Amino acid sequence: MSNEAVAGATINAELDALIDSKFREFKEGSIVNGTILDIRPQVVIIDVGYKSEGVIPSSEFEDDEIEEGDEV
């Protein structure tokens with residue numbers, strides 16, 4: 001195998017690992033970490049590192065003091 005082929009295979013393996021680490025599958029009801037993007041009267045919008053944000057009822061946080069940017 002040539003050096004170029006080895007380098008190409010290495011890059012492909014690294015790219016596959018990066019894609020796997022960034023694209024996680026979540027199921028409804030899963031508990032995941034995220035960052036608060038917006039606090040609204042009825043819901044809190046959370047960035048969970050996926051293509052869509054998480055939406056959690058504000059009542060889930062009624063005993064906690066939270067702010068935008070907090071990790072939850």
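Which of the residues belonging to the stretch 48-72 are among the aromatic types (Phe, Trp, Tyr) and in contact with a strand residue (DSSP E or B) (Cβ under 9 Å, 6 or more places away or on another chain)?
Of all residues in the stretch 48-72, those among the aromatic types (Phe, Trp, Tyr) come to 50, 61.
Once the filter is applied, which keeps residues that are among the aromatic types (Phe, Trp, Tyr) and in contact with a strand residue (DSSP E or B) (Cβ under 9 Å, 6 or more places away or on another chain), the stretch 48-72 yields only 61.
With the checklist (1) within 13 Å of the chain's Cα centre (by Cα); (2) at pLDDT 90 or above in hand, flag the one item residue 59 doesn't pass.
Of everything listed in (1) within 13 Å of the chain's Cα centre (by Cα); (2) at pLDDT 90 or above, residue 59 misses just condition (1).
In the stretch 25-72, what count of residues is obtained for those that are among the aliphatic types (A, V, I, L, M) and surrounded by fewer than 12 Cβ atoms within 10 Å (Cβ to Cβ)?
Here is the first cut: in the stretch 25-72, the ones among the aliphatic types (A, V, I, L, M) are 31-32, 36-37, 39, 43-46, 48, 55-56, 66, 72.
Going one step further and asking which of them are surrounded by fewer than 12 Cβ atoms within 10 Å (Cβ to Cβ), we end up with 31.
Total meeting the criteria: 1.
Is one or more of the residues making up the stretch 24-46 modelled with pLDDT under 65 and farther than 20 Å from residue 69 by Cβ?
Yes.
The values are calculated or read from the model by the stated rules, or taken from the named source; none is laboratory data. Just so we're clear, the structure is a prediction, and the values are computed from it rather than from any experiment. Cβ: placed from backbone, ideal geometry, glycine included. Neighbour counts: every protein chain shown.
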